[in-house]
1. Under the 0.36 nm per residue contour assumption, what length would be gained going from the current alpha-carbon distance of residue 150 and residue 278 to full extension?
2. Looking at this model, which pairs from 85/127; 167/262; 87/217; 59/217 are more than 22 angstrom apart at the alpha-carbon?
3. Using 0.36 nm per residue, how much length does the chain from residue 271 to residue 81 gain when fully extended, once their Cα-Cα distance is taken away?
4. Using each residue's phi in the range 245-250, evaluate 6.51 cos²θ - 1.76 cosθ + 1.60 at θ = phi - 60° and report the 3J(HN,Hα) Karplus result to the nearest Hz, with x for Gly and Pro.
Amino acid sequence: MAALGWLTPRRRSATARSVLAGEASAEAARKSSQEAEEARPQAPLTPEEPQFPVVGDDKAAAFFDLDNTVMQGAAIFHFGRGLYKRKFFETRDLARFAWQQAWFRLAGVEDPEHMQDARDSALSIVKGHRVAELQTIGEEIYDEYMADRIWPGTRALAQAHLDAGQKVWLVTAAPVEIATVIARRLGLTGALGTVAESVDGIYTGRLVGEPLHGPAKAEAVRALAMAEGLDLSRCAAYSDSHNDIPMLSLVGHPYAINPDAKLRRHAREKDWRLRDYRTGRKAAKVGIPAAAGVGAVAGGTAAAIALSRRRR
């Protein structure tokens, strides 16, 4: 932490929380990845997707953002719908979730204030519940609300990395329990995500560090890469949001997927490759293909359960 000495106390505190969140998420992801590996399905690539990951590069992996990159909409909102169905909260709370989801779908991007409101709502609901209970419910909610919302194009990109023998991780601000379920169902390696504190298997309503958002995602990827012995210059990252520019800038092969306006501009300025699956047309491409011999990181999932009235 000595290197942070030049920062103001407030900036130092924010940076320290991002590092803590990233390291906690990386640790949770590594613990969950082996189980996900055993359940990996083998799905064929769609004809449109190039065979860009390099086979056999064990120093490469891929990191995928979740909301609006892998899945249409926000995982936390779909999770809220499932909890309402199970009477975790009342109708007025569902109206708030519905509004937040409608806003997300219209805007098509993550807004920190709206995402914070959603996390606060969810965290207040699950405080005091057992981790095992939420994990079981997460499996059911995936089948009910999420399975049909996976973008086939992004799924094919992830499968290309898996077929090349690389690990693939989800990187999301969603609860790690939910992210891990999604990663396992998609046959990915694991998940990085927001880690909620629990004591004796019960949620306390506090987070470990902060939500895995923005710079915290980059810290999580950096920590996981170090633990896994990866070369980030040979890894790939995928996201739709300009909030993930820190994560995308960390790897040698960044991709803008269904990008918001700010990320689209940034991708064009940096010659990053771009794919848009929202229109049905073939994905536009920005930049040049990855150099021969260079692989991409396998992206998985691990989010933390940002479900308890935050200020976690």
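Bear in mind these aren't lab numbers, they're just calculated from the coordinates by the rules spelled out. The shown structure was predicted, so the numbers you read here are calculated from the model rather than taken from an experiment.
1. So the extension gain works out to 44.9 nm.
2. Going by Cα-Cα distance, 167/262; 87/217 fall outside the 22 Å limit.
3. On the way: separation 190, 0.36 × 190 = 68.40 nm, distance 3.89 nm.
Extra length available between residue 271 and residue 81 comes to 64.5 nm.
4. Computed from phi, the couplings for the range 245-250 are 4, x, 5, 4, 6, 6 Hz.
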